[in-house]
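Presented below is the structure to which this report refers.
The values are calculated or read from the model by the stated rules, or taken from the named source; none is laboratory data. On a predicted model such as this, the values are computed, not experimentally measured, just so you know. All Cβ positions, glycine included, derive from the backbone under ideal geometry; neighbour counts span all protein chains shown.
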Amino acid sequence: MSTNENPSKKPGQVETTGHVWDSNLQEYNNPLPRWWLWGFYATVVFALVYWVLYPAWPVGGSFTKGLNTITFMQDGEEVTTHWNTRSLFAREMQSGKQAVRQREMLEQVGAMDYETLLADVEAMSFVNAYAKGAFGTWCAACHQTGGGGVIGQYPNLRDDHWLWGGTAEQIEETLVLGRIGYMPGYRESLDGQQLEQVASYVLSLNGFAMNDVDVAAGGEIFNGYLGGCYQCHGVDAAGLASLGAPNLSNNIWGLVDVPGAANDEERVARVARFVHQGVQRHMPAFADRLSPAEIRVLSAYVHSLGGGQ
């Protein structure tokens, strides 16, 4: 008999440590299961190997880099560095299965003409998925996440009212070249009454009931030498896409918050103030930021936001 066995232990009885409390409360002496011990030893070995291969311990202002390395492309050059999640992400975005498939689809869609692209359901499904992210990166800061824009600052891209033309080709031209929107302020050429008359005339073109005398006087200024507004907006005030001059007769207000005015007097004041101040806006060109295929995909996406012309 082993000296470790308890001679008082009966068959089937669990061994105890011998400690007893309150006459009958004892502490079992059950050994850990062998599988649990081997699992614990395995985790210790795994941790030691991990500490050697991967970034692990802080050391002063840095950390242990590990022996494992990772290679990826950066700015057209092959870069090898210690393994880290950022480098892993960069490599997966370049050589991962989904990244490769995305590049293939981007090349395929980028080679389509717009008529084919806009009619292809599968291609447009890719456009909506890919360009939504690109729009969020490059466009949403100004035009907002959904493309609704900001009145008086950035155009609404969802209403199919396009300053520079709304065909897919024209939208691509806008993205490639950028745009400069400019209207001179009339602070020195028109006095307060004349500014209000021009405002009344423009509002009357959109169905607002304005004073007939002011409308007539405003029309003369608009279409005459003093104002010369017709030179950009046209005699019918329908606008001119080649200059980015908006249509002033369709009751769509991208530069002046007319719908938010409480009454006609405030509407006149807001339009008059805009004519007095003028506007100068600049949209940057994206030809040096996005590839031709990316611009084509983004153009198709923006075109679809407004319903397409």
* Output the number of residues of segment 106-164 satisfying the condition of being exposed (fewer than 14 other Cβ atoms within 10 Å of the Cβ), assigned to a loop (DSSP other than H, G, I, E, B) and either at pLDDT 90 or above or in contact with a helix residue (DSSP H, G or I) (Cβ under 7 Å, 6 or more places away or on another chain) (or both). => 3
* Just checking, how many residues over segment 53-65 are outside any helix (DSSP H, G or I) and surrounded by 10 or more Cβ atoms within 10 Å (Cβ to Cβ)? -> 6
* To do: Scan Gly239, Gly219 and give me the residue that is in contact with a helix residue (DSSP H, G or I) (Cβ under 9 Å, 6 or more places away or on another chain), surrounded by 15 or more Cβ atoms within 10 Å (Cβ to Cβ) and closer than 20 Å to Arg267 by Cα.
  => Gly219
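For every residue, the table says whether it meets (1) modelled with pLDDT of 95 or more; (2) touching a Cys at 6+ places or on another chain (Cβ under 8 Å); (3) of a type in the set (Asp, Glu).
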| residue | (1), (2), (3) |
| --- | --- |
| Val198 | yes, yes, no |
| Tyr201 | yes, no, no |
| Gly207 | no, no, no |
| Val213 | yes, no, no |
| Ala216 | yes, no, no |
| Phe222 | yes, yes, no |
| Tyr225 | no, no, no |
| Asp236 | no, no, yes |
| Leu240 | no, yes, no |
* To do: Examine segment 253-265 for a residue that is over 26 Å from Val176 (Cβ atoms), among the charged types (D, E, K, R) and in contact with a Gly (Cβ under 7 Å, 6 or more places away or on another chain), and state whether such a residue exists.
  => yes
* Every residue from segment 165-204 that is part of a loop (DSSP other than H, G, I, E, B) and either on the phi < 0 side of the Ramachandran plot or surrounded by 16 or more Cβ atoms within 10 Å (Cβ to Cβ) (or both) -> Gly166, Thr167, Pro184, Gly185, Tyr186, Arg187, Glu188, Ser189, Leu190, Asp191
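Every residue, every condition in (1) modelled with pLDDT under 90; (2) in a loop (DSSP other than H, G, I, E, B); (3) assigned by TED's automatic domain parsing to the domain that holds Gln94, yes or no:
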residue: Thr3; (1), (2), (3): yes, yes, no
residue: Asn6; (1), (2), (3): yes, yes, no
residue: Lys10; (1), (2), (3): yes, yes, no
residue: Val14; (1), (2), (3): yes, yes, no
residue: His19; (1), (2), (3): yes, no, no
residue: Ser23; (1), (2), (3): yes, yes, no
residue: Trp38; (1), (2), (3): no, no, no
residue: Tyr41; (1), (2), (3): no, no, no
residue: Trp51; (1), (2), (3): no, no, no
* Among the numbered criteria (1) free of Cβ contacts under 8 Å to residues at least 40 places away in the same chain; (2) within 13 Å of Val302 (Cβ to Cβ); (3) not assigned by TED's automatic domain parsing to the domain that holds Arg281, which single criterion is violated by Ala140? -> (3)
* Would you check which residues across segment 265-282 are surrounded by fewer than 20 Cβ atoms within 10 Å (Cβ to Cβ) and aliphatic (A, V, I, L, M) and list them? => Ala269, Val279
* Residue check, Met73 against (1) closer than 30 Å to Ala300 by Cα; (2) in a helix (DSSP H, G or I), all met but one. Which one? -> (2)
* Collect the residues in segment 88-99 that are in a helix (DSSP H, G or I) and either touching a Pro at 6+ places or on another chain (Cβ under 6 Å) or surrounded by 11 or more Cβ atoms within 10 Å (Cβ to Cβ) (or both), keeping them in residue-number order. => Leu88, Phe89, Ala90, Arg91, Glu92, Met93, Gln94, Ser95, Ala99
* Filtered residues of segment 15-40 (kept if surrounded by 10 or more Cβ atoms within 10 Å (Cβ to Cβ) and either aliphatic (A, V, I, L, M) or under 28 Å from Thr85 (Cβ atoms) (or both)) -> Val20, Leu37, Gly39, Phe40
* With respect to Thr85, is the statement that it is modelled with pLDDT of 85 or more, exposed (fewer than 13 other Cβ atoms within 10 Å of the Cβ) and among the hydroxyl-bearing types (Ser, Thr, Tyr) true? -> yes
